[in-house]
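Chemist: Have a look at the structure that comes next, please.
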Amino acid sequence: MGRMTFVLRRLLQLVPVAIGVTIVVFFMIHLIPGDPARTILGIHATPRTVALLHAEWGLNRPLVDQYWLFMDRLLHGNLGVSLYYGGPASSLLLSHLPPTLWIITYGSVLAVLISVPLAMIAASRKDGARDHLVRAVPLIGLGMPPFWLGFLLIYAFAIKLHWFPVSGYGSGFLGHVRSMFLPSLTVALAIAPVVIRSLRASMLNVLGAEYVTTARSKGVPAYRLFLRHVLRNAVIPAVTVLGINIAFLIGGTVIIETVFAIPGLGQLMINSIFQRDFTVVQGVSLVFAIMVILLNLLADIAYALLDPRVRFSR
Amino acid sequence: MTYRTTAALALPAGAASRPGTPPVLARGSYPPEPPAGAQAPRPRRAAWALVAAGAMTLVAACGGSGSAGSASGGTAGGPAHGGNLVVARTADSQSMNNTTVFDNESIWIFEQIMQPLYTVTPNGKGVEPWLATGYTVSPDKKTYTFTLRKGVKFSNGKPMTSADVKFSIDQARAAAKGWGYIDTAIKSVSAPSPGTVVVSLKYPWAPLLADLSLFSNAIIPANYGGQTETAFYQHPVGTGPFKWDYWHKGSALKLVRNPYFWQKGKPYLNSVTWTDVPSDNTRELQLKGGQAQVDEFPAWSTVSSLKATSGVTMHLFNSTRTDYLAFNETAKPFQDVHVRRAISLAINRAALVKAVLFGNGRPANSFFPPQVPYYQPATKGLQYNLAEAKAEMARSSVPHGFTTTFLVSSGFSDYLTIATIVQNELKPLGINVKIQQLDPNTANLNQQNLKYDMTLTYWTMDIPDPDELATFGVDPNSGARSFFTAYNNPTVVKDTHLAEQTLATSARQALYNTIQADSAADAFMAFLYYSPYAYATTSNVHGFYVTPLGNYHLENVWMSK
């Protein structure tokens with residue numbers, strides 16, 4: 001199977017999954033008690049005014065009808081109107097998407113930058129002092145709740161050293177790079193320990209392979225041996241581990257976004273749930289689902305590109 | 001204002017008073033160990049730590065500083081002009097439509113843009129002329145003629161006239177889904193000349209000026225300046241000190257100086273930005289790091305440490321906030337006054353103030369807060385007395401106690417603290433309390449539908465007159481069904497409506513004294529405590545003041561270097 005066919009096939013698989021997500025999310029959010037009309041109209045609302053708003057939003061119609069209406073709009077590229085703000089849900093989603101993408105991308109890059117050298121250091125002396133150190137110390141990042149780690153980083157690098165802003169998204173590319181460093185580092189420190197261990201384990205596996213012994217006997221320098229022969233082969237399982245963790249991260253950025261006051265999709269999701277802003281909750285869930293599916297697809301493509309033995313056939 | 005709760009996110013660490021959600025943390029699994037005996041070559045030594053530190057420094061050097069802009073001038077020559085004030089707030093606004101919106105985070109913003117004819121005095125107990133300069137009233141007290149302030153312009157440069165005032169108040173009155181009820185006494189509004197407005201009433205109405213000072217009656221251009229209502233409120237225009245700049249929903253909202261503001265030399269600030277920072281800890285850190293100048297609602301647990309922090313000023317403004325424990329009188333056995341009195345007497349309010357507010361408040365004696373006109377300090381209320389509480393229980397329909405449920409909005413750690421303390425305090429009465437935590441939206445809905453036994457609620461004043469609170473609190477036929485308790489004492493209801501149309505101050509005071517005493521004796525709610533409004537600002541912020549009604553006038557605020 002060609003690469004394009006593989007990608008197209010995987011993208012087509014996205015459609016039923018996305019539809020499944022819309023069904024689950026739509027009916028789950030409506031199962032929760034609570035009323036967006038009451039949220040907006042406050043305590044002075046009379047049953048009549050609540051009913052008026054329900055009719056305006058179509059919330060007085062049967063749930064199945066509301067779902068079809070939602071799907072009909074969706075197929076026309078319309079996510080509906082935010083019940084809370086009154087504006088299009090799509091513009092809310094679009095404005096909240098970049099900060100989340102920044103955290104995920106920046107966090108993943110930092111995780112790789114931290115993990116690769118540390119895994120190499122650990123693998124270079126199995127069971128040595130630095131191996132134990134590299135395996136043990138990053139576990140602090142894994143074990144520490146991200147909100148706590150985030151506050152520690154803010155305190156150290158923003159309050160004491162004034163290297164970074166306390167929080168926020170920043171403006172302009174360089175502003176984002178600076179503002180999003182600490183939140184992304186928080187994410188990276190949580191992911192890195194798993195990637196380090198995975199990479200170290202694969203590296204030790206590869207180091208035992210015959211082709212490495214051959215290369216070594218040919219007098220290939222250590223750095224070249226590590227970078228060309230060991231790392232490239234060892235990185236394959238680590239890509240999968242990283243992919244899974246990033247996919248996990250997509251739904252879990254809300255804490256980081258809260259600590260660092262970043263207006264991302266996680267924040268939007270939580271606020272919309274509290275406000276019972278059904279259209280926005282549905283929209284965000286759909287975006288999250290698509291992001292996870294696309295990420296898995298990217299991981300598969302990366303896997304196949306890194307390992308020529310893997311064909312685009314799965 | 002009013003009692004409404006808004007949902008915002010709080011974090012467990014140091015979280016004190018905001019609704020929230022438990023953290024969800026994604027964690028991966030460990031990879032397998034490598035096979036034993038694997039050999040490893042020695043890689044070239046690399047100064048990874050130095051590389052990492054270098055990268056951090058490089059990233060840190062990117063972008064601009066997070067400062068709030070600069071202000072010129074200083075304390076020596078009077079208020080400085082310039083600067084961008086950043087207010088870190090708990091949640092986003094909902095809408096800028098002043099006639100229909102109930103949430104404070106919207107109100108506090110559009111109050112800087114749109115202004116009413118009268119405004120609340122700094123002590124929160126009266127009104128003073130604002131866009132009007134005065135009025136005359138007819139002998140039958142049913143016709144008020146207001147003189148408009150000369151030279152007032154909207155932020156688009158057009159002068160404000162009586163036609164704008166008539167349009168604005170007519171729109172506010174018609175807002176069926178909003179604050180229209182506040183203007184029910186108004187029969188008509190007319191504009192006989194550009195500088196004069198006549199308000200005709202259906203009957204003499206004591207709270208009229210207070211009602212006109214409400215933000216819903218603020219003045220906007222007639223016919224929305226030629227726009228549709230929806231389009232107008234996307235970027236509203238008013239006579240206030242600031243005008244619209246932008247609103248990035250869920251992130252930040254910015255207003256800039258209105259060059260046409262009618263107070264000479266004001267506002268001092270170039271702009272004000274409200275940023276959405278739901279975490280208490282992050283708001284505090286933003287203040288300490290100079291990224292924000294105002295921290296809206298620092299956690300009570302941090303008040304004493306913020307007082308001691310250099311560069312930070314901790315403000316505790318007198319407020320009209322009163323917290324209550326509400327009883328649902330449609331649920332057994334809360335229709336029994338002895339049960340309600342027993343519970344009210346069993347609550348140690350001083351202990352609540354200490355545990356929840358860290359001492360920054362005081363026990364409540366009336367359902368009126370002290371900062372509202374006609375508050376009666378002599379009303380003792382039902383204060384902590386366990387012996388009396390037991391005696392009341394003995395006289396009740398359930399002398400041996402009962403089991404009941406205490407509904408609490410989840411995420412409010414303060415509320416859970418109160419519920420836990422009350423749960424323990426009611427044990428000696430034989431009352432077994434089960435705490436039920438529901439998310440704020442559901443909890444509010446259950447409260448409004450009277451699907452609860454006991455719950456917590458609060459109130460802050462919208463107008464400097466007790467009428468709104470009294471009607472809301474004790475009239476079962478108002479939309480709120482007596483604070484959603486179904487309390488019904490016909491004498492109290494009658495006195496409440498009598499007070500609305502009683503213009504003589506002494507007679508009104510007498511009526512409100514009776515209302516406060518009777519409702520306290522009926523213990524329709526247990527009045528818990530009065531608390532101040534907590535705001536922390538950086539020490540270079542001057543003139544920041546919050547009235548007991550929660551409004552602030554940012555035209556008076558300036559920043560020194």
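Here, each number is a calculation from the coordinates, and none is a lab measurement. Predicted model only: the values in this text are computed from it and were never measured. All Cβ positions, even for glycine, are placed from backbone atoms using ideal geometry, and neighbour counts span all protein chains on display.
Chemist: Helix hunt in chain B: which complete DSSP H runs extend at least 15 Å axially by C-alpha with mean Kyte-Doolittle at least 0.0? Walk me through the numbers before you get to the answer.
Modeler: Numbers: long enough: B:48-61 (19 Å, 1.91); B:162-174 (18 Å, -0.28); B:413-425 (18 Å, 0.10); B:490-500 (16 Å, -0.28); B:505-522 (25 Å, -0.50).
Helices passing the filter in chain B: B:48-61, B:413-425.
Chemist: Quote the charge dipole size of the range B:219-369 about the Cα centre in Debye, to the nearest 20; the model charges only the Cβ of Lys and Arg (+1) and of Asp and Glu (-1).
Modeler: Numbers: 16 positive and 10 negative charges, 81 e Å.
With only Lys, Arg, Asp and Glu charged at Cβ, the dipole is about 380 debye.
Chemist: I would also like to ask the following. Please state the charge dipole magnitude for the protein assembly as shown, taken about the Cα centre, from unit charges on C-beta atoms (+1 on K and R, -1 on D and E), reported in debye and rounded to the nearest 20. If you can, show how the numbers build up before the last one.
Modeler: Values: 69 positive and 48 negative charges, 605 e Å.
With only Lys, Arg, Asp and Glu charged at Cβ, the dipole is about 2900 debye.
Chemist: Between B:GLN423 and B:ALA521, what's the calculated FRET efficiency when r is the beta-carbon distance and R0 is 30 Å? Round to 0.05.
Modeler: On the way: r = 25 Å, r/R0 = 0.84.
About 0.75, to the nearest 0.05.
Chemist: Among B:VAL86, A:THR253, A:GLY243, whose Cα sits farthest toward the positive end of the charge dipole of the protein assembly as shown (+1 at Cβ of Lys/Arg, -1 at Cβ of Asp/Glu, about the Cα centre)?
Modeler: A:GLY243
Chemist: Something else about it: From Cα pairs below 8 angstrom and at least 6 apart in sequence, can you work out the relative contact order of chain A, rounded to a whole percent?
Modeler: Reported as a whole number, the value is 27 percent.
Chemist: Please give the length that would be gained between A:ASN78 and A:ALA222 if that part of the chain were fully extended, namely 0.36 nm times their separation in residues minus their C-alpha to C-alpha distance (nm, one decimal). Write out the running numbers ahead of the final one.
Modeler: On the way: separation 144, 0.36 × 144 = 51.84 nm, distance 5.68 nm.
Full extension from A:ASN78 to A:ALA222 adds 46.2 nm.
Chemist: Through the Karplus equation 6.51 cos²θ - 1.76 cosθ + 1.60, θ set to phi - 60°, convert the phi angles of the range B:222-230 into ³J(HN,Hα) values in whole Hz; use x for Gly and Pro.
Modeler: So the J values, rounded to whole Hz, are 4, 6, 6, x, x, 9, 7, 4, 4.
Chemist: Something else: Give me A:TRP57, B:TRP274, B:TRP108 sorted ascending by neighbouring Cβ count inside 10 Å, so fewest comes first. List each step's numbers first, then the result.
Modeler: Values: A:TRP57 17, B:TRP274 25, B:TRP108 21.
So the ranking, lowest neighbour count to highest, is A:TRP57, B:TRP108, B:TRP274.
Chemist: With each label point set 7 Å from Cα along the Cα-Cβ vector, what nm distance links B:LYS187 and B:ALA378?
Modeler: 3.8
Chemist: Could you give the nm distance between label points at B:ALA504 and A:LEU298, where each point is 7 Å from its Cα heading toward the beta carbon?
Modeler: Going from the B:ALA504 label point to the A:LEU298 one covers 7.8 nm.
Chemist: Springs between alpha-carbon atoms under 10 Å, Gaussian network over chain A: tell me which of A:LEU110, A:LEU227, A:LEU204 tops the mean-square fluctuations.
Modeler: The residue that fluctuates most here is A:LEU227.
Chemist: How do B:ILE113, A:ILE19 line up, fewest other C-beta atoms within 10 Å first?
Modeler: On the way: B:ILE113 24, A:ILE19 14.
If I rank by nearby Cβ atoms, fewest first, I get A:ILE19, B:ILE113.
Chemist: Separate question: Just want the ordering: A:LEU53, B:LEU131, from fewest to most Cβ atoms lying within 10 Å of their own Cβ.
Modeler: On the way: A:LEU53 20, B:LEU131 26.
Lowest to highest Cβ neighbour count: A:LEU53, B:LEU131.
Chemist: What angle do you read, to the nearest 10 degrees and between 0 and 90, between the alpha-carbon axis of helix A:47-57 and the longest principal axis of chain A?
Modeler: 50
Chemist: Another question, if that's okay. Compute the helix-to-body angle for A:232-251: its Cα long axis versus the longest principal axis of chain A, expressed 0 to 90° and rounded to tens.
Modeler: It works out to around 20 degrees.
Chemist: Report, in degrees rounded to the nearest 10, the 0 to 90 angle that the Cα long axis of helix A:265-275 makes with the longest principal axis of chain A.
Modeler: Rounded to the nearest ten degrees, it is 30.
Chemist: As a test of the formula, what do you get for chain A when each DSSP H run with n ≥ 4 contributes -39,500 (n - 2.57) and the sum is divided by the residue count, at 222 nm and rounded to the nearest 500 deg cm²/dmol? Don't skip to the answer; put the middle values down first.
Modeler: On the way: 15 runs with 226 residues, N = 314.
Rounded to the nearest 500, the figure is -23500 deg cm²/dmol.
Chemist: Obtain the radius of gyration and the Kirkwood radius of chain A from its C-alpha atoms and give Rg over Rh. Display every interim value, and only then the final one.
Modeler: Details: Rg = 23.8 Å, Rh = 22.3 Å.
Using only Cα positions, Rg/Rh for chain A is 1.07.
Chemist: Kindly flag which residue pairs out of B:LYS142/B:LYS494; B:LYS288/B:LYS434; B:LYS125/B:LYS307; B:LYS354/B:LYS494 have an alpha-carbon separation exceeding 31 Å in this structure.
Modeler: On the way: B:LYS142/B:LYS494 22 Å; B:LYS288/B:LYS434 41 Å; B:LYS125/B:LYS307 28 Å; B:LYS354/B:LYS494 37 Å.
Beyond 31 Å between Cα atoms: B:LYS288/B:LYS434; B:LYS354/B:LYS494.
Chemist: If you place +1 on the Cβ of every Lys and Arg, -1 on the Cβ of every Asp and Glu, and leave all else neutral, what size is the dipole of chain B about its Cα centre, to the nearest 20 Debye?
Modeler: Numbers: 45 positive and 37 negative charges, 207 e Å.
The calculation lands at about 1000 debye.
Chemist: How many nm separate the modelled label positions at B:ASN449 and A:ARG130, each set 7 Å beyond the Cα in the direction of the Cβ?
Modeler: 6.5
Chemist: Additional query: Run down the lysines and flag those whose C-alpha is under 21 Å from the C-alpha of B:LYS141, throwing out any fewer than 8 positions away in its chain.
Modeler: B:LYS166, B:LYS187, B:LYS202
Chemist: Ok, one more. Sequence-distant or interchain residues sharing an amide H contact under 5 Å with B:SER319, placed H: which?
Modeler: B:TYR533
Chemist: Also: Using modelled backbone amide H atoms (1.01 Å from N, in-plane), which distant-in-sequence or interchain residues come within less than 5 Å of B:ASP462's amide H?
Modeler: Long-range HN contacts for B:ASP462: B:THR2.
Chemist: Compute the length gained on full extension between B:THR133 and B:THR230: take 0.36 nm times their separation in residues and subtract their Cα-Cα distance, giving the result in nm to one decimal. Don't jump to the answer; show the numbers that get you there.
Modeler: On the way: separation 97, 0.36 × 97 = 34.92 nm, distance 3.09 nm.
Extra length available between B:THR133 and B:THR230 comes to 31.8 nm.
Chemist: Cα centroids of the range A:107-168 and the range B:74-150: how far apart, whole angstrom?
Modeler: For the range A:107-168 versus the range B:74-150, the Cα centre distance is 50 Å.
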